[in-house]
Amino acid sequence: MRVARRRGREPTVPVTALRAGDPQRLGEHVLVGRLGSGGMGTVYLGRAPDDQQVAVKVVRPEQAADPKFLARFRSEVKRARQVPPFCTAAVLHDDLEHDPPYLVVEFVDGPSLAEVVRENGPLSPSEAYAVAVGVATALVAIHGAGVVHRDLKPANVLLAVGLPKVIDFGIARGVDLSAELTGPHQVIGTIGYLAPECLDTAARGRVGPPADVFAWGVLVGFAATGRTPFGGDSPRRRWAGS
């Protein structure tokens, strides 16, 4: 595990070269490579004016044209800013009016729990214990800030020096809010880590911190064994078939 927010040193996580059409600079941040991409956009390795390495999350142009997606992205930025920085990749800058919008966060130079288990197998008992305690500590802080993550899973836990970092608040919401950014029949989260209430359309507006605690239990089991107790199914589907 390596220290986050490095200056002037090569990162240990995989970084690929910029592609034709990729931006070279966003605001004061120079982009030097790609960290990954997904359905919502691309994450770049960037360099701030003080030479600090940062992660720059850029929204895909087609997503930037979707008002509902932009509302969710704004919510992600808001929720991430509410969370204490010791347990997540701290938000350093955002420009939601830029075309396309982007978010600059602390660069955590460490692999995800999913990558570690995929490459090396289950964690040792002491390592699994450290992850369990670290992620539980992060959840206490996240919930204390009034945020429910709603998609806690191994890919969203980065292992760095000190406590693990919980990332990706794209579908997070306040504990006192209804699910106004999601459709009435839209399943939010990752199958296998969803608490039963997340799959109940009548109860979805009342999903709160217990759903994250349920996902934490599944995550700890994955860390220790390399698999979830439900396989690829949701708990409701597994229970319905038992």
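Here, each number is a calculation from the coordinates, and none is a lab measurement. Keep in mind it's a predicted model, so treat the numbers as computed, not measured. For neighbour counting, all protein chains shown are included, and Cβ atoms are generated from backbone atoms with ideal geometry for every residue, glycine included.
When you filter the trypsin sites (Lys or Arg not before Pro) in the stretch 15-88 for DSSP loop state and at most 14 other Cβ atoms inside 10 Å of their Cβ, you are left with Arg19.
Given their separation in residues at 0.36 nm each and the Cα-Cα distance between them, Leu18 and Val32 gain 4.4 nm when the chain is fully extended. Extending 7 Å from Cα along the Cβ direction at Arg227 and again at Arg206 yields two label points whose distance is 3.5 nm. For Lys165, a cut-off of 19 angstrom between C-alpha atoms picks up these lysines, skipping any fewer than 8 places away in its own chain: Lys57, Lys78, Lys153.
Net charge in the neighbourhood of Arg25 (other residues with Cβ under 14 Å of its Cβ; Lys, Arg +1, Asp, Glu -1) is -2.
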